[in-house]
Amino acid sequence: MRAGRCVRACARLVLLVVLTLTALLSPPPSRLLATPPTGEDGAAPAAGRPDEDAATPAVVRAGDGSATPAVARAGEDGATPAVAPAAEDGATPALGRAWPVGSRPRVLRGWEPPATAYGRGHRGVDLAAAPGTPVRAVAAGRVSFAGRVAGRGVVSVELTGTGDPPLRTTYEPVRASVTEGAEVTAGEVVGTVEPTGSHCPAACVHWGLLRGDVYLDPLTLLPPWLLHRGPSRLLPVLGVPLPR
């Protein structure tokens, strides 16, 4: 009896010692949670994988918190553009421009270039205008002709700074109020629409454009905003390519 009790007591003592040693040698739970995972999916940043929250030289943090290339975000949210806009082409003069009549006249017949130098076509545009309507210079220049051709009043203006030979605008039938050699500015009145001499069914102004002996489309002198909307005042036009 005494021997059996002694064996059981010794067994309990051994079990107690083993449990105590196990508790002392095992790491605490907090230490297990703090240990970074290892392996292919859990490599630490120092192992060659960059920290996703760290900025790199090619990337900046935009105001929305996203990592965005600086070039792609240039100009947004008031930022300075990464590339400065190109300077205006020095070969293109800054000309003020205006419609010859009214602020947005109706085009009765448009530009119809002939197939050959002497072929059929329409070498200009016809603008609706009542007799007596003021006719204005489209752009600044010098009056190269003011008189009558085949019974019709004609005014021609060589445009300043448009190359050699310069661009030349023509207006007919117009009773001239300027003389040959006069300097005119864009929008300045050069005459009034005559009641007769037009090839339109009703009164109109035939507006032409030439460089030397080559006829061009006069509407190409006007910027898009002036073609589609009448301006409240004359504004300078920058960078509009000249007809060639």
Which residues qualify? For V190, with a placed amide H closer than 5 Å and at least 5 residues away or on another chain, they are V135, R136, A137
Quick calc: nm separation of the 7 Å Cα→Cβ label points for W225 and A9 -> 10.8 nm
Full extension between A128 and T179 adds, at 0.36 nm per residue less the Cα distance, a length in nm of 15.9 nm
If unit charges are put on Cβ atoms (+1 for Lys and Arg, -1 for Asp and Glu) and the dipole of segment 97-237 is taken about its Cα centre, the option from V190, A129, L216 lying farthest towards the positive end turns out to be A129
Sorted by chain and then number, the residues having a modelled amide H within less than 5 Å of the amide H of H122, at least 5 places away or on another chain, are E112
Spelling it out for V149: with amide H atoms placed in the peptide plane at 1.01 Å from N, the residues 5 or more places away or on another chain with amide H under 5 Å from its amide H are V154
Here Rg/Rh (Cα, Kirkwood) for segment 159-210 equals 1.01
Computed over segment 97-237, the distribution of all Cα-Cα distances in 5 Å bins, rounded to whole %, is 2, 11, 20, 25, 23, 14, 5, 1, 0
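Read the figures in this text as sums done on the coordinates, not as results from a lab. Because the structure is a prediction, the values reported are computed rather than measured. With ideal geometry, Cβ positions are generated from the backbone for all residues, glycine too; neighbour counts draw on all protein chains shown.
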